[in-house]
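Asker: Structure incoming, see below.
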């Protein structure tokens, strides 16, 4: 991963701890979120990714985008808890099964700094 991941982590912590406007924080989070989703889509398509990890990541993305929830989102405070727990757990499990080289390669391809943008449509 080199120093890029560490520098991104430092930037993330710096943004969240203050010193910048709230709108800039949200922009950074949205950009990071988009990059991670694009990287996960590339990971799913990568032939080096184990089948179990593909299924777990696909399930996490599907659950996140699905209108069906274990706890209804309209319940204040509890509605998004199931999303956080289920999606977080599935993603964590999947990333533990995937070789680090695959994740790094896909994050580099999905990075906005990359001159060749990742193809997101199937």
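A quick yes/no check of all residues on (1) modelled with pLDDT under 85; (2) in contact with a strand residue (DSSP E or B) (Cβ under 7 Å, 6 or more places away or on another chain); (3) in a loop (DSSP other than H, G, I, E, B):
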residue: 27; (1), (2), (3): yes, no, no
residue: 43; (1), (2), (3): no, no, no
residue: 73; (1), (2), (3): yes, no, yes
residue: 87; (1), (2), (3): no, no, no
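Asker: For residue 37, all conditions in the list (1) at pLDDT 75 or above; (2) surrounded by fewer than 11 Cβ atoms within 10 Å (Cβ to Cβ) hold save one; what is the number of the exception?
Answerer: Only one criterion is unmet by residue 37, namely (2).
Asker: In the list 90, 78, 95, which residue meets the criterion of being surrounded by fewer than 18 Cβ atoms within 10 Å (Cβ to Cβ) and within 16 Å of the chain's Cα centre (by Cα)?
Answerer: One residue alone meets the criteria, 95.
Asker: Here's a follow-up. Just give me the residues in the range 42-70 being more than 25 Å from residue 101 (Cα to Cα) and more than 16 Å from the chain's Cα centre (by Cα), in sequence order.
Answerer: Correct list: 66, 67, 68, 69, 70.
The values are calculated or read from the model by the stated rules, or taken from the named source; none is laboratory data. Just so it is clear, the model here is predicted, and its values are computed rather than measured. When we count neighbours, we look across all protein chains shown, and the Cβ atoms used for this are built from the backbone with ideal geometry, even at glycine.
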